[in-house]
Amino acid sequence: MSLSDQAADRSELTSAVKSDAQAVGFDLVGIAPAVSPPGFPKFQEWLRAGFAGEMQYLPRREAAYENPRNVSQKVVSIIMLAINYRTSEPHPTGPNEGRVARYAWGTADYHDLIRERLRLLSDRLHTRSPGCTTRGVVDTAPLLERDFARLSGLGWFGKNTMLINRRAGSWLLLAALLTDLDLEPDSPHQSSHCGTCTRCLDVCPTDAFVSPYVLDARRCISYLTIELKGMIPGEFRSGIGEWMFGCDLCQDVCPWNKKAPISTFVEFQPQRELDPAEPLKILQMSRDEFDQRFSGTPLERPGFDGLRRNAIVVIGNRGDASAIPALIEALNDPSPMIRGTAVWALGRFNHPTARKAVHILSTVEQNESVLSEIREALQRQSSA
């Protein structure tokens, strides 16, 4: 076979793979070569700065991120894929309600939805090229997906560190299919189209952006409400505002998202109880109710105590006095994290019942972190 014939076959296979990707449900597809990601040195700097917080799985596998062959030994091409999860605009929140990040409004965990489509795409590749190797990746492997998405031409990095596509904005869930097939790579997206805009940086209530393109995850609301396992540091609680799970602020204000298409996936369409959500109802859930309602959904990730902790923070920020009895009940919780956060929330109410409950707890509490919260709450209440 001549070189021109080989090139034609390669181009034809690449086009067929892209068509297959769209046929199984992916909105965007591009091809990147299996090279060391250009952003790896910056990723290392980011880890050294401590910006990953408690996400120890990142530094633990640091070296593996340097080369995609650490994920799939025979990989030659990386098929980068994206699914759009933009839905209708969120309903306004009432005084007793809180927010959930848009990707979690629906009925399914996006990992499951994407894995099924990766399996379908992989099957098609094996039909076209019997004997080829494939491996699908959704968040779980040491692969810098965002870097390879840019290399495959899918978009550029916004100042909020999100991948932005001209047509689809940044409401994107990324995935990759690694293969030993030699596919025709797309041209990398070389330029940024954010200009002088800083809306995403300016809107962040916890000042999570150290500088444009650099996020300190330890200050990010999404990290604080999803990844962090312990008490949310006091300095960030008021900044969390009404966000009970994740945060969309830096995407909501992005001009590139204003005309992004609406997702066709029914699994992403909002459930009324999550858009917006009721933090008091979450706080009063039993563990069995939590498991029954959120198992297999994104809201399972922070865990029973983590989601209730978040709900308490939102209640404290919203100032809903009708929630005081539930907060007082939370002072009896076996988790020091729940007791301490409830103390903080009660301390924000200038209400005699709240003050009395915190004072009573101060006479029996033994956990030092909770006692610290009690001292601060009593001081705030006495000066109110």
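As a proxy for reagent exposure, Leu113, Leu327 were ordered by neighbouring Cβ count within 10 angstrom, fewest first; the result is Leu113, Leu327. Look at the alpha carbon pairs under 8 Å that are at least 6 residues apart: their mean separation over the length of the stretch 205-327 gives a relative contact order of 33 percent. Sorted on the mean count of surrounding Cβ atoms within 10 Å across their residues, most packed first, peptides 61-68, 345-352 read 345-352, 61-68.
Taking every Cα-Cα distance in the stretch 254-356 and sorting them into 5 Å bins from zero, the calculated P(r) comes out as 2, 11, 20, 19, 15, 11, 9, 6, 4, 2, 0 percent.
Annotation: lysines with alpha-carbon distance below 27 angstrom to Lys281 (same-chain offsets under eight excluded): Lys229, Lys356. Lacking any other cysteine beta-carbon closer than 4.7 Å, the following Cys residues of the chain have no compatible partner: Cys132, Cys194, Cys197, Cys204, Cys220, Cys247, Cys254.
Ellipticity at 222 nm from helices only: DSSP H runs of n ≥ 4 in the chain, each -39500 (n - 2.57), divided by the residue count, give -11500 deg cm²/dmol. Backbone geometry of the stretch 191-205 corresponds, through the Karplus equation with coefficients 6.51, -1.76 and 1.60 at θ = phi - 60°, to 3J(HN,Hα) couplings of 10, 9, 10, 9, x, 8, 5, 10, 4, 5, 6, 6, 7, 5, x Hz, x marking Gly and Pro. Straight-distance candidates among the lysines for linking to Lys74, with alpha-carbon spacing under 18 Å and chain neighbours fewer than 8 residues away dropped, are absent. Highest-first packing order for the peptide set 213-222, 364-373 is 213-222, 364-373, based on the mean count of other beta carbon atoms within 10 Å.
Alpha-carbon geometry of the stretch 324-370: the Rg and the Dmax are 9.5, 26 Å, given in that order. For the stretch 8-75, averaging the sequence separation of C-alpha pairs within contact (under 8 Å, six or more residues apart) and dividing by the residue count gives a relative contact order of 29 percent. Subtracting the Cα-Cα distance of Glu184 and Asp112 from their residue separation scaled by 0.36 nm leaves 23.1 nm. Sorting the Cα pairs of the chain by distance into bins of 20 Å, from 0 upward, gives 26, 51, 20, 3, 0 percent per bin.
Taking the C-alpha atoms only, the angle from helix 3-23 to the longest principal axis of the chain is near 30 degrees.
In terms of its C-alpha gyration tensor, the stretch 35-148 has an oblate overall shape, because the principal axis ratio a/c (a ≥ b ≥ c, square roots of the eigenvalues) is not below 1.5 and a/b does not outweigh b/c.
The angle between the Cα long axis of helix 368-383 and the main principal axis of the chain comes to about 60°, on a 0 to 90 degree scale. Quick one: Kirkwood hydrodynamic radius for the stretch 91-209, alpha-carbon pairs, angstrom, one decimal? Computed over the stretch 91-209, the radius equals 17.2 Å. Taking all Cα-Cα distances within the stretch 12-85, those exceeding 18 Å account for 56%.
Under a cut-off of 29 Å between alpha-carbon atoms, report the lysines in cross-link reach of Lys258, not counting same-chain residues fewer than 8 places apart. Answer for Lys258, where 29 Å is the Cα cut-off: Lys18, Lys159, listed by chain and number. Rounded, prolate or oblate: pick one for the stretch 165-207, where a ≥ b ≥ c are the square roots of the eigenvalues of its C-alpha gyration tensor, a/c under 1.5 means rounded, and failing that, prolate if a/b is larger than b/c, else oblate. Because a/c hits 1.5 or more and a/b exceeds b/c, the stretch 165-207 counts as prolate.
Only the coordinates and a few stated rules stand behind these numbers; no lab work does. Since the structure is predicted, the reported quantities are computational estimates derived from the model, not experimental observations. As a convention, Cβ positions derive from the backbone with ideal geometry for all residues, glycine included, and neighbour counts pool all protein chains shown.
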